[in-house]
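Notes follow the structure.
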Amino acid sequence: MTKAQLSIRHLLGIKEMSSSDINIIFQTADEFKDVINRPIKKVPSLRDVTIANLFFENSTRTRISFELAEKRLSADVVNFSASSSSVKKGETLLDTVMNILSMKVDMIVMRHPSPGAHHFLARKVDATIINAGDGTHEHPTQALLDAFSIRENFSTFKGLNVAIIGDIKHSRVALSNLFCLKKLGANVRLCGPSTLIPKHIEELGADVSFNVQETLEWADVANVLRIQLERQQSGYFPSLREYQMHFGISMSMLDKLREVPLIMHPGPMNRGLEISSSVADSDYSIILDQVENGVAVRMAVLYLLAGQRA
Amino acid sequence: MSKILLQKNKFNLTLRRLSQELLENHGNFSNTCIIGIQPRGTYLSNRIRSLLLMENPQLILEYGLLDITFHRDDFRLRAKPLQPHPTEINFVTEAKRVILIDDVLYTGRTIQAALAAINHFGRPSEVELLVLIDRRFNRHLPIQADYTGLRVDALNEAYVRVDWEEDGSEREVLLFSAKNEEI
């Protein structure tokens, strides 16, 4: 029987992972996808594991997805959100986590607004840490599920052209996707207004383009990112309407292409802003497949990391 | 040190006997399905299936492969998790007679996990177990096979390995006196 050995003990970011780690996760997720499509969607693997979901930042999809993944693996789950906790009373992150761990918790799934919060915790505590988003740094499970969804549509990543379109500067999804896709051998192009693309990002192996139409023509896959509405206040672009006119993906843009790329979006979507409804609901879009795959990929991550603890 | 338990000829005879026993008890397999346990049991189940079809080409066999990785009771006791294999069961087992097939019956824990896993596909009216090798004195659970190729009495440290040819036909069954001598 083959052993599935990851080189990591925590899932802090894609940057620390090898391509073989990513492939082991995909192969395991294939089997979990089969499990969650059965009438009985539950397996007993993690029945003796307790997992705390610590969300110091808002989330719907990621949080529900993690919780479903944990419950389908039969783990015991406790949830925590910063808005209704002692964090408001001034407790530090380390104290909060140490208190939760003394109640015998084995794994921590955490979203935190500060980049690197997970790296800090991993050095301080024994439990397995899974990053569900840290500030503008990384969102590794999103990148894994995006790549897993691409893999269902293309036979190989080698030479595949993937465009990431939108607010690259503030997006943890963009950075994790970039690391993940480069490790798997894909070509990555980042596209958006020049104010929303970090300088020197080419150093990480991506092309940069400011022309959406040209990028769509080049791409086999286009991952469209959410425009974070709060950014507009800080003057990164003149108005939402102007952003929509230049960078919003519309059907008329796709109609001009020789071949339409696969359209992805990590959610939540601003319909009519970065992506039009007709594109989001078209046959080119695999947005809901991404959500489905999210549960399977997270089950694989939890299963593989929990199994390495003993 | 390894010892040959079954040579190719005897191996072949044993497989033929096992398929004859199945035919005797299940006739035309109208309400019976065969499920091989991933990964090693599927070599045996594939072979048994082809022998059954050779005997009666008109036979309509419901045939599936079951992976029990997520149902094992030793997860987190092992140093590393096991890589799962595909489960391919495209039918329901509700009210059917199920024949589970694995190569070696040892502690019985794999079969226990398989019995739990099979419930995901319906409630079978009856479950039988076919194994090639029964290591009868090493059981941890009250689980017995209904069809057995060969009974082996061996120490706990010993290891039984069933080898198949690349085309899926039988080669030999070996007994190693200790597990680390396996290769």
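The values are calculated or read from the model by the stated rules, or taken from the named source; none is laboratory data. As the structure is a prediction and not an experimental result, all values here were calculated from the model. So basically every Cβ, Gly included, is an ideal-geometry build from the backbone, and we count neighbours across all protein chains shown. For accessibility, only protein heavy atoms count, side chains too; no ligands or nucleic acids. Shrake-Rupley method; radii C 1.70, N 1.55, O 1.52, S 1.80 Å.
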- Query: Which residues, taken from region B:143-158, are touching a residue at least 24 places away in the same chain (Cβ under 8 Å), surrounded by fewer than 18 Cβ atoms within 10 Å (Cβ to Cβ) and not in a loop (DSSP other than H, G, I, E, B)?
  - Reply: B:Leu150
- Task: Could you run through region A:51-78 and say how many residues are under 20 Å from A:Ile100 (Cβ atoms) and surrounded by 14 or more Cβ atoms within 10 Å (Cβ to Cβ)?
- Result: 19
- Item | Selection count, region A:1-31, where residues are open to solvent by 40 Å² or more (accessible area, probe 1.4 Å) and either facing another protein chain (nearest Cβ under 9 Å) or not in a loop (DSSP other than H, G, I, E, B) (or both) | 11
- Task: For region A:35-73, name all the residues that are more than 14 Å from chain B (Cβ to nearest Cβ) and outside any helix (DSSP H, G or I).
- Result: A:Ala52, A:Asn53, A:Leu54, A:Phe55, A:Phe56, A:Glu57, A:Asn58, A:Ser59, A:Thr60
- Message: For the condition open to solvent by 60 Å² or more (accessible area, probe 1.4 Å), free of Cβ contacts under 8 Å to residues at least 12 places away in the same chain and closer than 25 Å to B:Lys80 by Cβ, what is the one hit in A:Asp34, A:Asp95, A:Asp48?
- Response: A:Asp48
- Message: Which condition from (1) among the charged types (D, E, K, R); (2) open to solvent by 10 Å² or more (accessible area, probe 1.4 Å); (3) assigned to a strand (DSSP E or B) is the one that B:Asp167 breaks?
- Response: (3)
- Item | Breaking point among (1) more than 22 Å from the chain's Cα centre (by Cα); (2) at pLDDT below 95, for A:Val35 | (1)
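So that you can scan it fast, the table gives a plain yes or no per residue for (1) under 28 Å from A:Gly116 (Cβ atoms); (2) open to solvent by 10 Å² or more (accessible area, probe 1.4 Å); (3) in a helix (DSSP H, G or I):
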| residue | (1), (2), (3) |
| --- | --- |
| A:Gly159 | no, yes, no |
| A:Ile164 | yes, no, no |
| A:Leu175 | yes, yes, yes |
| A:Leu181 | yes, no, yes |
| A:Thr195 | yes, yes, yes |
| A:Glu242 | no, yes, yes |
- Task: Can you work out which of the residues in region B:118-133 that are of a type in the set (D, E, K, R) and at pLDDT 95 or above is farthest from B:Arg49 (Cα to Cα)?
- Result: B:Glu126
- Message: Just checking: which of the strands (runs of 3 or more DSSP E) contained wholly in region B:30-142 hold 2 or more residues that are under 26 Å from A:Ile36 (Cα atoms), open to solvent by less than 20 Å² (accessible area, probe 1.4 Å) and touching a helix residue (DSSP H, G or I) at 6+ places or on another chain (Cβ under 9 Å)?
- Response: B:32-37, B:62-66, B:97-105
